[in-house]
1. Between Leu38 and Arg56, what length comes free when the chain is fully extended (0.36 nm per residue of separation minus the Cα-Cα distance, one decimal in nm)?
2. Please give, to one decimal in nm, the separation of the simple spin-label points placed at Ile45 and Arg81, each 7 Å out from Cα toward the Cβ.
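Read-outs: derived from the displayed coordinates by stated rules, not from any lab. Worth saying up front: this structure is predicted, and the values here are computed from it rather than measured. Note that we place each Cβ from the backbone using ideal geometry, even for glycine, and neighbour counts take in every protein chain shown.
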Amino acid sequence: MRLVKPYVTANTSKMIYYGLILCGKSENSPDSVKIVRLQKKIIRIMMGCRTRDSCRKLFLNLEILPLPSQYILSLLLFMIRNKNQLQVNSKIHHINTRQHANLQQHSVNASKYQKGVHRIGVKVFNMLLLYIKVEFHNPNKFKAVLKKYLCENSFYSLDEYFELQS
């Protein structure tokens with residue numbers, strides 16, 4: 001976003017950011033697929049690679065996040081900004097369980113909530129590695145550790161993220 005900031009207005013950059021959070025979960029949507037393909041094409045052109053070369057290592061070398069990884073980063077930063085609406089399991093009960101650093105999942109039957117940003121954000125957060133979760137209350141450190149982790153793994157989909165974490 002910082003690279004684009006000089007060329008767009010504040011309102012446009014907010015629309016891009018919140019558009020990524022609110023629409024990013026539909027990673028199989030035609031627009032998301034087009035963006036990922038375009039992102040890969042640009043990376044290949046920048047690095048002088050052939051069209052059939054894998055971009056995964058290129059994303060790693062350039063430390064650029066693919067769209068799904070950008071979505072995960074944006075979603076978790078959104079969760080930090082709204083952490084006053086969230087509860088950590090260790091605050092609810094004082095038993096030291098494996099899930100003590102996880103966020104509390106509210107059980108709501110409304111499909112609108114189940115597909116919403118908070119629900120998917122909690123699910124993505126709870127799948128993080130513990131060394132990243134413990135930095136949740138320090139936003140700058142959390143962002144740095146999370147971004148490094150996402151750059152190292154370069155996720156192409158949320159399913160890939162969930163598979164690696166489980």
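1. Extra length from Leu38 to Arg56 when fully extended: 5.1 nm.
2. Calculated label separation equals 3.0 nm.
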